[in-house]
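Peer 1: Here you go, one structure.
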Amino acid sequence: MPLPHVLLSAAVSLDGYLDDTGPERLLLSGPADFDRVDEVRASVDAILVGAGTVRADNPRLLVNSAERRAARVAEGRAEYPLKVTVSGSGELDPAACFWHTGGEKVLLTTDGGARRARALGIGADVVSLGPQLDWRRALEYLHDRRGVRRLMVEGGGTVHTQLLQQELADELQLVLAPLLVGDPAAPRLFGPGAYQGGRLRLVESRRIEDVVLNRYLPTAPGTGERVAAADRHWLALACELAELCPPSDTAFSVGAVVVAADGSELARGYSREGGDPVVHAEEAALAKVDPADRRLAGATVYSSLEPCARRASRPAPCARLILDAGVRRVVTAWREPDTFVPGADGTGVLTAAGATVVVLAEYEARAKAPNRHLEG
């Protein structure tokens, strides 16, 4: 199921704390970074915090800039993003600022929590996710029922930890403040537990007054049919590579990336790369990897179009090349139409040999874009 782009946003001390234990909120950022956060808020469809943050900080979670709010309205969006909180118990203060400022609000809770919240008179759409909280179900609800495509998550540490551990976070925007807290009783950004493997990829590092903003993307693929946030990043890259293909009236424009289980990129390629008029994207990428590389056995091939099952230009179709390389997981955006090969079914070839094929249909339009000239 399609999910929103989940952006985790936090500021921490040098030793990883979100706050101290004093009576007042510890301000980790300055005016320039607060304005940056306001800009990010204005760009998203919804802002989410956990119930603990609502209780501890009593946040309003507004877009403060009148100009940014006006720009949202001019674009046909609500003046404020949807505000979302998540609570298993539903036991929240109905007088909290969260419920009485900004635009629409949603409380995602359990069956029992919904009964409590309604009895308390919470000023929000109270939505039960069932007997227990489920983050994937929560994100599916926000995407499908509330039209949320970009979700900003501002805390707290438990929420950030759970989304990262469940591989549901697409991006981490982390601000590092030049101070130390050192109090073991103070709240930390991330808690213990099993996180996804691999290194996060640093895509931006920027000084803002005396703090530093670092933006990270996850890199480690999912396993089997389980889709991780990194799967979406790598498939988006494959779609971008397809746009590099020299146009052809007799073949699709396709991009492909080969990624190891730890998130290391092994190779990338695209159709007709290097002046070869018949090379396919998966073929071009796999040719750059040492066949003896043991990482291929746990790798994922991302291809903007389903790997071919038959081809006239070369003896081995891409589905066979992938299997021969030892790869047993493929993520694609678009099943191959019958434009050139009737009954194309690379997925059938792959799955018959024990490989897993995951189709992320929300990227189909991007995969089709460089092939529009073939429609009709």
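Peer 1: Look at the stretch 324-336 and say how many of its residues are outside any loop (DSSP other than H, G, I, E, B) and either in contact with an Asp or Glu (Cβ under 6 Å, 6 or more places away or on another chain) or surrounded by fewer than 20 Cβ atoms within 10 Å (Cβ to Cβ) (or both).
Peer 2: 3
Here's the yes/no breakdown for (1) surrounded by 15 or more Cβ atoms within 10 Å (Cβ to Cβ); (2) not assigned by TED's automatic domain parsing to the domain that holds G22:
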{"residue": "L172", "(1), (2)": "yes, no"}
{"residue": "L176", "(1), (2)": "yes, no"}
{"residue": "D183", "(1), (2)": "no, no"}
{"residue": "G193", "(1), (2)": "no, no"}
{"residue": "L235", "(1), (2)": "yes, yes"}
{"residue": "G263", "(1), (2)": "yes, yes"}
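Peer 1: Within the group R314, R310, which residue is in a loop (DSSP other than H, G, I, E, B), at pLDDT below 95 and touching a His at 6+ places or on another chain (Cβ under 9 Å)?
Peer 2: The match here is R314.
For every residue, the table says whether it meets (1) modelled with pLDDT of 95 or more; (2) within 30 Å of H143 (Cα to Cα); (3) polar (S, T, N, Q); (4) under 23 Å from the mean Cα position of the chain (by Cα).
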{"position": "Q166", "(1), (2), (3), (4)": "no, yes, yes, yes"}
{"position": "D170", "(1), (2), (3), (4)": "yes, yes, no, yes"}
{"position": "L180", "(1), (2), (3), (4)": "yes, no, no, no"}
{"position": "F190", "(1), (2), (3), (4)": "no, yes, no, yes"}
{"position": "R199", "(1), (2), (3), (4)": "no, yes, no, yes"}
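One line per residue, one yes/no per condition, for (1) assigned by TED's automatic domain parsing to the domain that holds L151; (2) at pLDDT 95 or above; (3) assigned to a helix (DSSP H, G or I); (4) farther than 16 Å from P4 by Cβ:
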position	(1), (2), (3), (4)
E39	yes, yes, yes, yes
V49	yes, yes, no, no
V54	yes, yes, yes, yes
R69	yes, yes, yes, yes
V73	yes, yes, yes, yes
R77	yes, yes, no, no
K83	yes, yes, no, no
G90	yes, yes, no, yes
L108	yes, yes, no, no
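Peer 1: A further question on this structure: Starting from residues that are outside any loop (DSSP other than H, G, I, E, B) and of a type in the set (K, R), keep the ones in the stretch 209-235 and report whichever is nearest to the chain's Cα centre (by Cα).
Peer 2: Here the residue is R232.
Peer 1: Among the numbered conditions (1) touching a helix residue (DSSP H, G or I) at 6+ places or on another chain (Cβ under 8 Å); (2) within 21 Å of A260 (Cα to Cα); (3) not polar (S, T, N, Q), tell me where A297 comes up short.
Peer 2: Of everything listed in (1) touching a helix residue (DSSP H, G or I) at 6+ places or on another chain (Cβ under 8 Å); (2) within 21 Å of A260 (Cα to Cα); (3) not polar (S, T, N, Q), A297 misses just condition (1).
The values are calculated or read from the model by the stated rules, or taken from the named source; none is laboratory data. Predicted model, so just to flag it, every value in this text is computed and none were measured. As a convention, Cβ positions derive from the backbone with ideal geometry for all residues, glycine included, and neighbour counts pool all protein chains shown.
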